[in-house]
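As structure tokens, the structure follows; a few thoughts come after it.
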Amino acid sequence: MSSNNKENEKIKIKAKPLDLSSYTKSDEQKLISRWANQLINLIFTDNISTIGRPIFLLRHLNSSSRNTLAVNRCPNVLYVPDPFQADTIQSIFIQLKSPSVLTWGNILECLKSGSFTTILEQKDYDEIDLSSIESFFLVLLYFICYAHQDLDYQLEEPFAEILQLIMKKELKIMQTSSLSSGLWETVFKKRNLRFESYATGNSPKYCPSNVYFNEILDCIRLRSQNQSNFIKAINEKGDHSRVELEQLGRLLQCSFYTFLEFSLFSEYLTIENIKILSKYAKNLPTSWFTPDFLQTTLNLAKREKEKPVNESCLKEILEIYVWWMKKNSSFLSMTLATDIIEFVLEVASIPDLICQSTLIICSAADKLSAEYVLRLSNILAELLSNDKQLWKDSEKITTITPGLAHLMKLIPYPGVISTAMINSWSLSEENYKLLHIYHFILKEKLQEAGLIGVGVIKKKKRNSINNGWLFEIMKSCENKEKPVQSLYAMAGILKGFHPYTTDNFLKSNESSLVFDKMTKLFSQKILLLLDQLENIPDAKECVAYCFSECFNIIELIELDHKTFSKLFIDERLLKALFDNIINQLKLEDDFFDNMYKGSIAKDNSYMESFAKKLENPLFNSLGKQSKAFGVILWNHIDHLENLYNLERRSAGEKRVLNIYEGFTNFLKDLYNKWKDCKLNDENVKSLNDKPIRPQELILRYFRDFLFIYTMITKCLYLDPHPHTPTVYDEDDDPQKKRKIDFRTCMILNSLNAFSYLHFVTISFGEDGFDIWRDVIEEIISQIEQLKPDGLIEDVVSQFKVEDISINSSSMEKYRFIFFLYVSKRLISYLSLHFVHQFMYRPITQFLSIQITDSKNNTNNINYDLFNSSHKTCLSIFENPERFKKLILSIADDYSNLLIHDYPNNIDYQRLRQGYFSLIRGLSSSVSFNNSEALFTDNEEDDVMMYDEPVEEQKEDNPTLDNKINSEECDIVALRCLLKLTNKIYKYSELITSSSINTTDNNKNNSYKAQLITERGHFITILFDQIQCVSIPVMEILLEIIKQIVLNNCIIIDFNCQNIHAIHQKHKKNIDDKDKRTIEEEEEEEEDMVNEQQDDTDKENSILASSEKITLCEDLVPLNSQLWKSLYDTVSSARLDRRKAERCVLWYLSLHNTKKNNAKELNNDDEIKSKKSNTIDNSEDNESEDDQPSISKLKSKL
């Protein structure tokens, strides 16, 4: 093969080969790494035929001319002979035709063909060691594929093709391989290749060149391991399955044995593998912590001690020692353990190692002698005191806290550690962590003693806590130089010890005395801080947080003690709680603008910081603080009301009211900022098109505020005892204006605040959530007790929303909904002018507002306005004695609206309720409640309401207007009834026209069925009005219904002024009835049926001038659902006695006539049809089915 051809066939790799020479220290190692890297460069540049020279130089540098195979073997790696030893490569070269045949082109051709005949001497082919040549080629290809400096390097052709063939098991050499089965596939998939180790001569020292190549191979293994999906999943997940742990164990086992094997020969292999072991130290089996392994790590640590900490692996070694201490209950070698602990004490003063050193000392405490532990405690306390930076690092504090708690519960005198911790604490933003640390310590101590926790047996005699230990740790909290930190610690101790005192089995005078001393010390420290509240940083936050965390404990203590009594009426504590709550809730002035800008720029950093604020333990503690504030506020008000000094009481009430009004002012400011923010109506999307709604975070913030404020108001006047408001005359007011008392004034202030939060409240539903509803109910009930009624109207007017319109912001609309919610409940105390001006006039624009889907209107402002507006109308109709004129003026418009918007915008149930309530308001001067429950099955609940004739019920002070308006109201009611009959006629016309149209039968039949159903709804609503109209109107209504049922005749118009004749007749009947005796009444009832025809004739005379239209179809077939609706109406318990008698007799007559007409029709059909028997049987069955209902109706008489 010519030299030119050889040069043309060279295949070069552009990537830089892996270089680990930075780990070499001695001159010998540097020289070996230089020539080893030169050898790898020759492989990358397709100069493999020249690698003999660097190999022989490396053999010379190995300090021996004879290499022997080492014994040590590492599990989970695949070993091949080191081809770069001089004798190995020499034996390979001898078998080739010439060294020049070693080009990548020839090598790849041999691998593809599975034969080496093109490069070997043919005469000696049978004696050639093919396995050594194949192993050599495998190593060369392995270096090409994986030994790159760049981790992201993409393999070039033709090597990428060869690697793909190996992964698919399609490379020819894999089928004719002389190596072990599956070696090619396993090596390239797992990347776990390693050279067999060689020692230099008889010495235990490994060949330096062999070690260097193994470092490169192990670097490839570690890289592959760290980039594997399995390791990434292990790092991300907290819990692992057994299979995952077994797989991780195999990887760690390789690092474990590699570390032990090369600890004396390779700094790279030692350090990199100890880092792997340290990273997963908690997963190391206890059996791996052998004296050999621990001694090897200690030797390495002593060598690494000379390096700077950031360049050494001391931190990793100490992390392994931490888990060794945790996983072992005792030491196999106390001497070795002592040596390790002493070494730890030497390096513990290094700031970066203080955390691991602390944990090692703390974890070793229960395995050492008491004297040694005492010495360690004093040393550790000194270390903690001297390292000022430690107590400024939140992550480090979180790391060492469990260890310190473990140590403090073990040693009999924990004060030295506790004092060091409190004195050194410098993390002002996380002072609250001290409370949780000491709570954790006390909890651990109690659980260790078996006094609390799962599995505690009451009857078994248990240990008690050493009071010396308790007093020691309490004494450490008497630090006057650190009042804030010591109060946090004392609060944690009190909170942690409290469960022990509540155990009835363990109650004793001794524990009570200890607990009493704790609570007294805690209360005194709070009072001392209150004296210097403005001078000590973070004092308000400290007092508020500690008091709220221990509030339930303090609350249980009897307030006979002077110290505790002071706490509950201290105005400074009230102010501190308020200031801290506001401080935690406060947002930056440009907060909403920044959120909006970040959402537009798709920058989530501001939103993430806000989310962290909501997750902060201080923010989450506001629920407890709000309860504490509410109870303190209640006690303070109670204290003020018991003061005899009126001037002092008045001044105190003003200060407290200012504090409480601070919530409303703060909330109003937030409300206005959020209302004006553009983000309020935006739905911003992120880069990956997934919706990101900062609104949800802000809504959560306001929801938390709602819960906090609700809890305060609940504690203020629900929990302790109910309050009856009083009204008094203010002496300084010349007009003697009526004033409500101070406590009620506080309560009413809450309504304004709740109105600003109603956009959040309504997200829980129309009636909010349970506690909120209870609070509002109590507020309303207390407002109802205010006299005179004008004062109630003044209260409601305080939070009315003026100038509301369809274009107002959603925030204002929700405030208006809240105003309607409260006003509806108090409408019976409001004036006609107020209701018309501030309630009805604004809602007229929302009664017909379009809603997208009436069945799915969660958080839909239009639906909420629509719903509240219609319910407000129902409330007006339910108070006819107060708003009769208003009802008369709006009846025409409202009835038109109901009919026009059905069924597109108003459903059947709302139409039925609205029409019934309207007609009832027109026909009665008595207030009927609960319009929304009129058409339920439980009619018995409303029997008493309708038990007496509504016409005979009179007001205490009847006016001339009411007497004059009775006929006028009935006329308006009749007009509303005629609107129903006209609608029924229009539906009938549409049904007739749809029957004629036969273009699309399926679609037409569906449309016709819908029309029939909707017409049936209006007929049912017409039936409903029998229950609520006056008796004069009822007589006309019964005739209208009779015409529809019997004659299929719809009365669409008549002269409503004829109602005057009905009124005169009704008046005459009442006068005659007063003169009749009981016997005469009984005789009249017997002749009632005979007189029905005469009554009908009279009614016909009234409707003589009416306009009627007769249809060809049966509008109300016998035994149909409409007929059942008519029966339900006349048999309803809501009908009063006189109406019931008249309606039952009318119905019986109507039913008999309808049945007779049906029989006559059936007889006519019988003559013309051959199916007479079937028709007779059908009719008879229908009659039999109808008998029970008729019998029941007759029994009602």
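Here, each number is a calculation from the coordinates, and none is a lab measurement. The model shown is predicted, which means the values in this text are computed figures rather than measured ones. Glycine gets a Cβ as well: all are built from the backbone with ideal geometry, and neighbour counts include every protein chain shown.
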Sorted on mean Cβ neighbours within 10 Å (highest first), peptides 152-165, 34-47, 900-913 come out as 34-47, 900-913, 152-165
Note to self: Kirkwood Rh of the stretch 591-722, Cα pairs, one decimal, Å, is 17.4
Checked against a 29 Å limit on the C-alpha separation, the offending pairs among K282/K302; K205/K327; K443/K586; K305/K482; K813/K983; K597/K813 are K205/K327; K443/K586; K305/K482; K813/K983
Note on the stretch 288-340: the mean projected area of its alpha-carbon convex hull, in nm², is 3.6
Rg (one decimal) and Dmax (whole number) from the Cα set of the stretch 743-874, in Å, equal 14.4, 45
Percent of all Cα-Cα pairs per 10 Å bin for the stretch 215-324, counting from 0 up to the last occupied bin, reads 13, 47, 33, 6, 0
Exposure proxy check on V309, V484, V1116, V1029: fewest-to-most Cβ neighbours within 10 Å is V309, V1116, V484, V1029
Going through K315/K495; K525/K624; K279/K396 one by one, the pairs whose alpha carbons sit over 28 Å apart turn out to be K315/K495
Of the listed links K30/K275; K678/K824; K433/K602; K1124/K1159, those spanning more than 31 angstrom between alpha carbons are K678/K824; K433/K602
Taking only the alpha-carbon positions of the stretch 274-364 as identical scatterers, the Debye log10 I(q)/I(0) at q = 0.14, 0.18, 0.25, 0.26 Å⁻¹ comes out as -0.42, -0.73, -1.54, -1.69
Placing one equal point scatterer on each C-alpha of the stretch 16-219 and summing with Debye, one gets log10 I(q)/I(0) at q = 0.10, 0.14, 0.17 Å⁻¹ equal to -0.42, -0.85, -1.29
